[in-house]
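Colleague: Take a look at this one; I'll ask things after.
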Amino acid sequence: MGRIGERFRVFSEMVTGDLVVWNSIIGGFAQNGNCDEALDLFKRMKRAGFPANQATLTSVLRACTGLVLLEFGRQVHAHVIKFERDLIINNAILDMYCKCGSLEDAEFAFKRMSERDVISWSTMITGLAQNGRSIEALDMFESMKASGPTPNYITMVGVLFACSHAGLVDDGWCHFQSMKRLYGIDPGREHYGCIVDLLGRAGKLSLMKQFSSSKKWKVNQML
């Protein structure tokens, strides 16, 4: 675990800690994929009498997402009521529900948010698309364009993924072509991959081969 392991060793040798130290170690474990350790430390922190704050809960939600622990994530959500206007926590809640496959919870949380940014919208669009609700994902993209922030790189991955899984070749190609022109986004390997998948799923094998052999696709594959 490298630096995280060394920090944890030092932390374990401390007689007492403070909330900043607890958050640093829990956050480090969660960010590095050591989600079980992050949750174990969170439980130890609670037993030691330290109250969780925004930083703690964001890291714990990230750990729940990594382990797909929906029920534990719901318990954590119950702790964040007093931070319900915190955008970072709300985005972490959305991400957790979407990646745990609980779209109803995600939609409820999204509607309750007093503030939404491009991460909020992109998380919902991608979550809907990856959970078999492509048309709703594209409807949400239209709502985002009408009243939300400007789409970014991740937003367009979700949009193209939705088009691919819904078999919407013309729509997918239109969105792909508009990325640079409307939003200043240079297509990356994820976007090219979605288009190849879209053409393959639609049986457009000759077009898929042409696109796959294009110079831009090859360049992005090497990046």
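The values are calculated or read from the model by the stated rules, or taken from the named source; none is laboratory data. All of these numbers come straight from a predicted model, not from anything done at the bench. Note that we place each Cβ from the backbone using ideal geometry, even for glycine, and neighbour counts take in every protein chain shown.
Colleague: For residue 196, are the conditions met, namely being of a type in the set (A, V, I, L, M, F, W, C), more than 13 Å from residue 122 (Cα to Cα) and at pLDDT 85 or above?
Modeller: Yes; evaluated as a whole, the condition is true for this residue.
Colleague: Could you list all residues from the range 49-80 that are free of Cβ contacts under 8 Å to residues at least 12 places away in the same chain and either in a loop (DSSP other than H, G, I, E, B) or in contact with a Phe, Trp or Tyr (Cβ under 6 Å, 6 or more places away or on another chain) (or both)?
Modeller: 49
Colleague: While we're on this one: On the given criteria, is residue 100 modelled with pLDDT of 95 or more and under 26 Å from residue 143 (Cα atoms)?
Modeller: Answer is yes for this residue.
Colleague: Mind telling me which of the residues 6, 37 ends up being of a type in the set (Asp, Glu), buried (at least 17 other Cβ atoms within 10 Å of the Cβ), modelled with pLDDT under 95 and farther than 23 Å from residue 131 by Cα?
Modeller: The conditions single out 37.
Colleague: Pull up the range 137-154, narrow it to residues that are in contact with an Asp or Glu (Cβ under 9 Å, 6 or more places away or on another chain), surrounded by fewer than 21 Cβ atoms within 10 Å (Cβ to Cβ) and not aromatic (Phe, Trp, Tyr), then point me to the one that is nearest to residue 98 (Cα to Cα).
Modeller: 154
Colleague: Only one of (1) surrounded by fewer than 23 Cβ atoms within 10 Å (Cβ to Cβ); (2) in contact with a Phe, Trp or Tyr (Cβ under 8 Å, 6 or more places away or on another chain); (3) of a type outside the set (A, V, I, L, M, F, W, C); (4) closer than 25 Å to residue 201 by Cα is not met by residue 127, so which one is it?
Modeller: Result: residue 127 passes all but (1).
Colleague: Note down all Cβ pairs under 6 Å where the first residue falls in the range 124-140 and is within 18 Å of residue 109 (Cβ to Cβ) and of a type outside the set (Phe, Trp, Tyr), the second is modelled with pLDDT of 95 or more and not in a helix (DSSP H, G or I), and they're at least six residues apart or on different chains.
Modeller: 131/101
Colleague: Considering only residues of the range 155-198 that are among the aromatic types (Phe, Trp, Tyr) and in contact with a Ser or Thr (Cβ under 9 Å, 6 or more places away or on another chain), which is surrounded by the most Cβ atoms within 10 Å (Cβ to Cβ)?
Modeller: 161
Colleague: Outside the structural domain of residue 92 (by TED's automatic domain parsing), out of contact with any helix residue (DSSP H, G or I) (no Cβ under 8 Å at 6 or more places or on another chain) and closer than 26 Å to residue 91 by Cα: is that true of residue 145 in this structure?
Modeller: When the stated conditions are applied, residue 145 passes them.
Colleague: Can you tell me how many residues within the range 70-107 are surrounded by fewer than 14 Cβ atoms within 10 Å (Cβ to Cβ) and either small (Gly, Ala, Ser) or under 17 Å from the mean Cα position of the chain (by Cα) (or both)?
Modeller: 2
Colleague: Report whether or not residue 142 is in contact with a Lys or Arg (Cβ under 8 Å, 6 or more places away or on another chain) and closer than 30 Å to residue 74 by Cα.
Modeller: Taking the combined requirement at face value, the residue does not satisfy it.
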